[in-house]
Amino acid sequence: MKFISVVLFLITFTFVTFAQSPNKILAMANGRSYTAEDLDPNVKKIWNEYPSRVIQARKAFLEQQIADVLLASEATEQKITTKELIDKEVVKKVSDPSNEQIKAVYDANPNVVAGRTLEEVRPQIVSFLRRQPEQNAWLSLVNQLKTKHKVSYGKDINSADIKKDDVLAKVGETEITFANFKRKHGLQLYEYQANVYEQAIDSLYRAIDAALILAEATSLNISSNEYVAREVTNKMKDFSPREEEKLQQALRDRLYKKYKAGIFIKLPQPYIQYVSADDDPAQGKSDAPVTVIMFTDFQCPACAAAHPTLKKVVEEYGEKVRFVVRDFPLTQIHNNAFNAALAANAANKQGKFFEYAEVLYNNQTALDVTSLKKYATQIGLNQKKFEKDFADEKFKEEVKKDMKEGESYSVSSTPSIFVNGYRVRTLSAASFRKAIDRALNAQRQK
């Protein structure tokens, strides 16, 4: 359980150290240079503050890592698990919010609850209201442990000349080196960096696209809308998003070539890590050059939305791609997610995992045990065998194993989708295809 929110540092911290150069040329097109001043206002702010935000993020991650060691040390001393320590010293010391507080949050957020009843969203509201008190209790515990267990700091995490063996901090006899820090937090830092750069690049594309479309339309003595209709809309045959995407890209390629346009910001190299497929439910050949792994929660609306899109994209690549699903129920906010994962594992035992998963995604408001058993009957499973497997302890251990391994890959939310070890950051068909194409190209170059 992580209580320090690095996102909080990235969003709310007031940064004053330094910023990006506002006059640096980020792109050129049609003889005109583009700088940070041409970015969307919100993107411009993020871009300019990026270096300082990274500094604060690194510091926050290091503090989190120190806290993890402290908690593990204290738990060992008390002969309990870290989770039991946190339950005792944090979770149980925070009272649940009152019904009045829960109702007030429900009434104040009609757009968020989106028509769901108070009882349906109660767990999420309780989790939200407990978050800050638990954060405060957690910080208090960590500060006490810092006094009890000797903590000393070494090399500055933001030093320009830092090396992999440099010791950043020492907690008791445990050393935290830069290499260890990178293994633990490299993905989160990469994703933040990539997010900032992608926002800047997308903003530049919008500005340049609009300028070049206007320039070309003006040369043809037509409006920009007429020009786009001629080059994109009027050329569409099946009117699919994929077709529109290809036509838009073809138009951009022609205009960028003609007007000598180029964006000089380069995305950071993808952060690749080994992500095990374990022995989890899969579709496709085991020796496919690309493996797509989705950590999912069957009660998660985003998972229900992403799954059919991802599955359709995977099918486009035939035998080149294998699709694997692993469990990551968010038990703090989804009270039926763990049982749903157990049920899906029981369905998998009879060879119908994906059929059963579809039913779960389509019935997320009814994932109680009675309903889970009913769905087994609906898709033709042997009911007696299903119920026996559903209660089997080995499936509980299997789900917990997936959750633990997911955490080791920095999974903290669902869906988390990896393509040959690269975590896809945007849940769209275009992003899935881009990640798969990148993985296939990397395989060809080996």
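Just so it is clear, none of the values below were taken in a lab; they were calculated from the coordinates. In this text the structure is predicted, and so the values were computed from the model without any measurement. When we count neighbours, we look across all protein chains shown, and the Cβ atoms used for this are built from the backbone with ideal geometry, even at glycine.
So here's what we get for this one:
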item	result
Cβ-derived FRET efficiency at R0 25 Å, residue 394 paired with residue 426, nearest 0.05	0.10
Value of relative contact order over the range 6-186, rounded to a whole percent, pairs C-alpha under 8 Å and six or more apart	17
Distance between modelled label sites at residue 37 and residue 442, nm, 7 Å Cα→Cβ extension	4.0
Span from the the range 124-141 Cα centroid across to the the range 56-90 one, whole angstrom	15
Between the range 381-446 and the range 343-372, the alpha-carbon center distance in angstrom	17
Distance between modelled label sites at residue 242 and residue 159, nm, 7 Å Cα→Cβ extension	5.2
Nitroxide proxy distance, nm - points 7 Å out along Cα→Cβ at residue 408 and residue 111	4.2
Point-charge dipole on Cβ atoms (K/R +1, D/E -1) for the chain, about Cα centre, debye to 20	820
Candidates 218, 296, 177, ranked by Gaussian network fluctuation over the chain, Cα under 10 Å, top entry	218
Residue 148-residue 215 FRET efficiency (beta carbon distance; Förster radius 51 Å; 0.05 resolution)	0.15
Contact order relative to length of the chain, as percent, for alpha carbon pairs under 8 angstrom and 6 or more apart	15
Segment residue 355-residue 269, extension gain: residue separation times 0.36 nm, minus the distance between their alpha carbons	27.3 nm
Estimated FRET transfer efficiency (residue 173, residue 79; beta-carbon r; R0 22 Å; 0.05)	0.75
Across 237/320; 83/103; 59/163, pairs whose alpha-carbon gap is larger than 20 Å	237/320; 83/103
Neighbour count of at most 13 Cβ within 10 Å plus DSSP loop: longest chymotrypsin sites (Phe, Trp or Tyr not before Pro)-free window in the chain	19-238
Lys/Arg +1, Asp/Glu -1 at C-beta; the chain dipole; positive extreme among 126, 427, 72	427
For the chain, built as a Gaussian network whose Cα springs stay under 10 Å, the top-fluctuating residue of 379, 272, 436	379
Net charge over other residues, Cβ less than 12 angstrom from the Cβ of residue 401 (K, R count +1; D, E count -1)	-4
Rounded to 5, percent antiparallel among DSSP beta bridges of the chain	75
Of 231, 405, 397, the one that fluctuates the most in a GNM where the chain has Cα springs shorter than 10 Å	231
For the chain: rounded, prolate or oblate by the Cα gyration tensor [a/c cutoff 1.5]	oblate
